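Each value in this text was obtained by applying a stated rule to the coordinates, not by laboratory testing. As the structure is a computational prediction, the values presented were derived from the model and not from experiment. Virtual Cβ from ideal backbone geometry, glycine too; neighbours counted across all protein chains shown.
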Amino acid sequence: MATSQPRYRVPAPKFRPGDEPDFSDLKLQPAGEAKRPGIDCSWKDTVDHATGLVGALDHNHQAVGEWNPELDPDTLREGLRHMVLTRVYDERMQKLQRQGKMSFYMKSTGEEAVSVAAAMALRDSDMVFPSYRQQGILFARGRDIVDMMCHCISNSRDNLKGRQLPVHYTWAEGNFFSISGNLGTQFPQAVGWAMGARYKNEDQVTASWIGDGTTAEGDFHGALTLASTYRAPVIFNVVNNQWAISTFQGIAQGDAPSLAVKGLGYGLPSIRVDGNDFLAVYAATKWAADRARAGHGATLLELYTYRAAAHSTSDDPSGYRPKEEATKWPLGDPIERLKNHLIGLEEWDEQRHEAMEAELNDLVVKSYKEAESYGTLHDGPLSPVPSIFEDVTADTDWRLIRQRQDLGV
Amino acid sequence: MAKMNMIQALNSALDVAMENDPNVLCFGEDAGYFGGVFRVTAGLQKKYGLDRCFDAPINEAAIAAMAVGMAAKGLRPVAEIQFADYIFPAIDQIVSEMSRIRYRSAGQFTQPIVVRSPWGGGIRGGQTHSMSPEAFFTHVPGIKVVIPSNPYDAKGLLLASIESDDPIIFFEPKRIYNGPFDGQADGALQSWANHPKGEVPEGHYTVDLNKAEVVREGSAVTVVTYGTLVHVALAAAEKSGIDAEVIDLKTLTPYDIETISDSVKKTGRCIVANEAPRTSSFSAELAAQIQEDCFWSLEAPIHRIAGWDTPYPHAHEWSYFPGQQRFINAMKSVTETV
């Protein structure tokens with residue numbers, strides 16, 4: 001039993017299981033207060049933004065301030081629809097995993113705005129290098145749901161031939177890069193891709209996402225160094241959902257006053273954004289994309305949010321945080337907030353919302369039935385066994401030919 | 001034809017590739033304005049512009065990752081890692097990313113990348129400028145490892161590597177950049193000027209990435225090696241008078257098993273050699289595969305020549321590096337076995 005005082009500081013979260021979570025001393029800048037610098041600004045113009053909080057939806061669900069993207073109601077409804085679809089899909093897939101239909105799943109509950117609003121603010125031709133919790137991008141870009149499910153259940157129509165864990169999507173047609181699973185590797189890759197676009201005189205920008213914990217990885221620092229040096233058109237998104245599996249964000253953040261401030265040291269404009277505010281995420285992403293496209297270089301966005309669900313189906317958060325944290329999170333829920341904003345504008349109501357949820361639920365159920373008709377990981381059919389020897393390199397050398405014979409396929 | 005040393009030949013390969021294909025670009029630490037610490041990229045920035053040959057920050061992982069992103073976008077990056085000993089910070093990007101992206105995306109993204117790096121011992125480089133880390137990479141599905149042993153092959157193999165649609169780790173034996181090496185520390189420096197493989201065409205040509213070469217025909221024993229040790233093996237054969245057949249592998253993965261087994265079946269005896277520490281080095285793979293394919297033709301155990309299982313020493317380099325005498329001893333021992 002450890003009894004002595006710790007000999008060095010090991011940061012700990014404020015609340016553990018059994019504690020009553022209380023975020024009242026989290027000093028968050030009110031929506032509408034942050035200024036919106038010009039897109040040609042320098043890092044110096046964002047010093048306050050890096051520890052502040054860019055928000056556009058206030059407590060009364062009104063759009064306020066310079067970061068209000070002034071989207072028309074149709075666009076807002078579209079965003080709401082993509083976010084609800086993301087959540088309905090996640091819920092369904094989680095259940096199916098529990099029923100043994102797939103090996104693994106990762107929900108993005110509470111973080112739907114981070115991916116959906118960003119994808120809508122980008123052009124579909126912009127390249128994204130996501131981590132494993134941005135499935136919302138796929139819905140916003142219109143990927144076929146059956147195809148997504150076929151990947152997750154690793155069946156005969158999985159476009160990745162059963163080689164990747166569920167949710168590690170690749171969709172080249174949708175300018176969606178292959179998700180790794182090794183944390184942060186995509187951040188510097190996004191810079192290389194962005195430099196390639198500049199090299200080819202194309203006006204695409206790239207956006208990449210990592211979590212709070214991954215800011216400790218060397219690739220985070222390498223990526224920011226490259227982007228700053230070569231002034232690459234990149235948007236670096238750090239999704240600070242407070243938790244890296246069981247490790248609270250303070251273990252990566254240390255004494256830094258925010259994660260966004262880490263960008264300032266590289267000379268990159270760096271902004272902390274209310275990640276549960278659809279309007280703010282949209283506006284900040286659009287601003288960063290406009291900067292990048294105009295040749296002003298990269299931006300670091302810290303999306304301040306909360307991971308309302310477990311890290312994955314292999315994780316049990318009741319072992320390390322209070323159950324009520326998500327509901328006590330001071331920035332609320334992104335879907336509820338956008339829904340209430342639209343209701344306040346008299347462009348939406350509860351009945352339409354329920355009808356939409358029901359419709360999307362039916363769509364997901366129907367899509368799964370179709371996906372299952374192409375097989376499941378458990379019962380097959382899968383991609384043919386010999387396909388494990390394909391795509392290693394462009395040509396198949398004697399080693400793989402012999403090994404395939406050894407396997408007898 | 002022109003007389004070139006290996007540095008000039010590699011430089012010429014990059015020049016030809018950049019001239020022929022605007023998607024080829026190169027970068028690395030000191031690789032831009034200065035042209036690289038070994039001068040392999042000399043003059044390329046001036047000729048092709050800042051955005052085609054440029055200096056990179058000292059972050060090998062970022063250099064490799066930049067290549068991954070560029071290749072996914074359709075470019076053909078050639079990244080330089082200043083010494084093979086410095087490649088380890090990039091290992092996640094090479095092993096977990098560039099090698100697997102074709103596979104994990106089921107062919108939706110490919111990685112036509114060359115990672116070049118000066119490699120191997122014999123230059124008094126101590127433990128951080130002498131390593132032969134090829135076995136770390138031959139163990140990785142999805143990447144190929146290429147190691148030339150002379151200027152002609154260096155240019156042709158580098159051009160073939162740049163034109164390949166898969167990632168290639170291209171290790172350059174820096175001990176023989178300026179001339180072949182017979183494995184005797186106190187011997188006179190040799191030059192490529194009088195060597196037939198120092199004759200290098202100025203224009204475009206390639207050397208087959210899937211082929212080893214019998215560089216000396218013989219009947220007494222087969223020596224399979226690559227890089228600097230090819231020349232040490234040749235010198236040992238001449239000096240000992242043992243009629244060794246010497247095979248220069250050139251490409252380690254996939255290695256040319258056909259050329260190797262044809263030779264071993266003929267000679268019945270085999271030595272496999274590399275500079276790297278013996279345990280789990282590439283010669284272990286060769287020995288295992290050769291005994292599988294040629295067991296009934298073997299008249300003696302396969303003999304391994306390798307570095308010792310120690311870090312690469314500085315002052316005692318010549319007690320570590322597999323020099324001429326070790327080859328002679330091995331050739332005698334293997335051919336004396338009944």
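Modelled this way, with points 7 Å down the Cα-to-C-beta line, the labels at A:R36 and A:I343 are 2.7 nm from one another. Angle of helix A:112-121 to the longest C-alpha principal axis of chain A, folded into 0 to 90 degrees and rounded to 10: 90°.
Net charge of the neighbourhood of B:G126, taken over other residues with C-beta under 12 Å away and scored Lys/Arg +1, Asp/Glu -1, is -1. Residues of the range A:231-275 falling in the label zone of A:V10, defined by backbone nitrogen less than 15 Å from a point 7 Å along Cα to beta-carbon, are A:246-248, A:250-252. Computed extension gain for A:D22 through A:D362, at 0.36 nm per residue and net of the alpha carbon distance, reaches 118.6 nm. When chain B is treated as a GNM with alpha-carbon contacts under 10 Å, the residue of B:Y33, B:Y312, B:Y152 showing the greatest mean-square fluctuation is B:Y33. The magnitude of the dipole of chain B, with charges of +1 and -1 set on the Cβ of Lys/Arg and Asp/Glu and taken from the Cα centre, is near 240 debye. If R₀ is 22 angstrom, what is the calculated FRET efficiency for the pair A:A172 and B:S96, using the beta carbon separation as r and rounding to 0.05? In this case the efficiency is close to 0.65. When +1 charges are put on Lys and Arg Cβ atoms and -1 charges on Asp and Glu Cβ atoms, the dipole computed for the range B:79-159 relative to its Cα centre reaches about 180 debye. Summarised as an ellipsoid, the range A:214-288 has semi-axes of 20, 18, 10 Å, derived from the eigenvalues of the Cα gyration tensor scaled by 5 and square-rooted, with the largest first.
When you restrict to C-alpha pairs under 8 Å that are six or more residues apart and normalise by the size of chain B, the relative contact order lands at 16 percent.
Below 8 Å, C-alpha to C-alpha, sequence gap of six or more: please give me the relative contact order for chain A in percent. Across chain A, relative contact order equals 24 percent. Cross-link partners of A:K35 among aspartates and glutamates, defined as those whose alpha carbon lies under 18 angstrom from its own and excluding same-chain residues fewer than eight positions apart: A:D45, A:D48, A:D58, A:E66, A:E70, A:D274, A:D277, A:D290, A:E302.
Summary of the geometry: the range B:125-158 and the range B:178-236, compared by the centres of their Cα atoms, lie 15 Å apart. A dipole drawn for the protein assembly as shown from +1 and -1 charges on Cβ atoms has a positive end, and of B:T110, A:Q5, A:L122 the residue lying farthest that way is A:Q5.
For chain B, the longest principal axis of the alpha carbon atoms and the long axis of helix B:228-240 meet at an angle near 20°. Of B:C294, A:C41, the sequence from fewest to most neighbouring Cβ atoms within 10 angstrom is A:C41, B:C294. Within the listed set B:S319, B:S132, B:S261, the residue fluctuating most in the Gaussian network model of chain B (springs between alpha-carbon atoms under 10 angstrom) is B:S319. Where Rh is the Kirkwood radius over the Cα pairs of chain A, the temperature 25 °C and the viscosity 0.890 mPa s, what D in µm²/s does Stokes-Einstein return? Diffusion coefficient, whole number: 110 µm²/s. Any chance you could give the angle, 0 to 90 degrees and rounded to 10, that helix A:278-293 forms with the longest Cα principal axis of chain A? Once rounded, the angle reads 80 degrees. Net charge dipole, the range B:1-132: roughly 300 debye, given to the nearest 20, about the Cα centre with Cβ charges of +1 for Lys and Arg and -1 for Asp and Glu. Within 10 Å of the Cβ of each residue in A:175-188, the mean number of Cβ atoms contributed by other protein chains is 5.
Cross-link pairs exceeding 18 Å between alpha carbons, from the set A:K101/A:K369; A:K27/A:K107; B:K197/B:K265; B:K197/B:K239; A:K161/B:K73: A:K27/A:K107; B:K197/B:K265; B:K197/B:K239; A:K161/B:K73. Work out the FRET efficiency for B:F88 and A:V385 from their Cβ-Cβ distance, taking R0 = 22 Å, and round it to the nearest 0.05. For B:F88 and A:V385, the calculated efficiency is 0.05. Shielding of peptide A:215-226 by partners, expressed as the average count of other chain Cβ atoms within 10 Å per residue Cβ, is 4.
Calculate the FRET efficiency for B:I123 and A:A216 from the Cβ-Cβ distance with a Förster distance of 41 Å, rounded to the nearest 0.05.
Rounded to the nearest 0.05, the efficiency is 0.65.
Per-residue shielding of A:156-169, expressed as the average number of other chain Cβ atoms within 10 Å of the residue Cβ, stands at 2.
Applying D = kT/(6 pi eta Rh) to the protein assembly as shown, where Rh is the Kirkwood radius over alpha-carbon pairs, T corresponds to 25 °C and eta to 0.890 mPa s, the Stokes-Einstein value obtained is 87 µm²/s. Given chain B, what percent of its DSSP beta bridges are antiparallel, to the nearest 5? Beta bridges within chain B, antiparallel portion: roughly 20 percent.
Scanning chain B for GluC sites (Glu not before Pro) lying in DSSP loops with no more than 14 further Cβ atoms inside 10 Å, the longest uninterrupted stretch between such sites is B:1-201. Under a 10 Å cutoff between Cα atoms, tell me which one of B:F327, B:F170, B:F109 has the largest fluctuation in the Gaussian network model of chain B. Highest fluctuation among the options: B:F109.
For the range A:1-112, place one equal point scatterer on every Cα, skip the solvent, and apply the Debye formula. What is log10 of I(q)/I(0) at q = 0.12, 0.17, 0.20 Å⁻¹? Calculated log10 I(q)/I(0) at the listed q: -0.83, -1.09, -1.14.
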